[in-house]
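Working notes, beginning with the structure itself.
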Amino acid sequence: MSLLNKVTESISETKLGILSDWALRICLSWVFFEYGQPKFIELMDFPDKPLSFIQKMNFFSDFPMTSSWLITISELLLIPLLIILGGFKFLGPISKALSTLGGILGTFVMIIIIWGFHFSVLGESFSDIHLQLMLLAMSVYFLFK
């Protein structure tokens, strides 16, 4: 085992280790952006009509238009922007704060989506929500990164 440690230690200690952080940042930001884009297009095409899945969620059905715009802007702009900007170390201590805010928002969105929609509305189980669980885990990572 010590031979394996000697061989792999140099890889994990390189300055290229930053690639793992950026790979997560870019993937998480891209997926949230991709989920937000069709919601934004739908809201622009039908500005007086809330997103259909929002109306099915008990908590958000009381204020469907506001909820539709909040989830859309969070996925399309806020989460990706905060996660990406949080990776720029030249911003100083604010970069950590931006990552944390992006992580908080991403975690909040994913918890609502998983428990409020996938479990409650769609009746899915943990075995049905692989992507959502990965997005939740990545969001939690940036919450504490």
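The values are calculated or read from the model by the stated rules, or taken from the named source; none is laboratory data. Predicted model only: the values in this text are computed from it and were never measured. Please note: Cβ atoms are built from the backbone with ideal geometry, for glycine as well, and neighbour counts cover all protein chains shown.
Here is how the numbers come out for the structure above:
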read-out: Residue tally, condition among the basic types (Lys, Arg), at pLDDT below 95 and surrounded by 12 or more Cβ atoms within 10 Å (Cβ to Cβ), over the stretch 1-37; value: 0
read-out: So PHE40, is it in contact with a Pro (Cβ under 6 Å, 6 or more places away or on another chain) and either aromatic (Phe, Trp, Tyr) or modelled with pLDDT under 95 (or both); value: no
read-out: Residue that is surrounded by the fewest Cβ atoms within 10 Å (Cβ to Cβ) [pool: residues in the stretch 97-111 that are in contact (Cβ under 8 Å) with a residue 24 or more places away in the chain and not polar (S, T, N, Q)]; value: ILE111
read-out: Checklist (1) more than 20 Å from the chain's Cα centre (by Cα); (2) under 18 Å from GLN132 (Cβ atoms) applied to MET65, failing item; value: (2)
read-out: Flag if LEU91 is of a type in the set (A, V, I, L, M, F, W, C) and within 20 Å of the chain's Cα centre (by Cα); value: no
read-out: Only listed residue being among the hydrophobic types (A, V, I, L, M, F, W, C) and either loosely packed, with under 14 Cβ neighbours inside 10 Å or more than 22 Å from LEU28 (Cα to Cα) (or both), chosen from LEU82, LEU51; value: LEU51
read-out: Test: GLY123 is out of contact with any Leu (no Cβ under 6 Å at 6 or more places or on another chain) and loosely packed, with under 14 Cβ neighbours inside 10 Å; value: yes
read-out: Residue match in the stretch 32-51 (condition: of a type in the set (Ser, Thr, Tyr), within 20 Å of the chain's Cα centre (by Cα) and under 22 Å from LYS145 (Cα atoms)); value: no
read-out: Positions within the stretch 43-88 being among the acidic types (Asp, Glu) and at pLDDT 95 or above, in sequence order; value: ASP45, GLU75
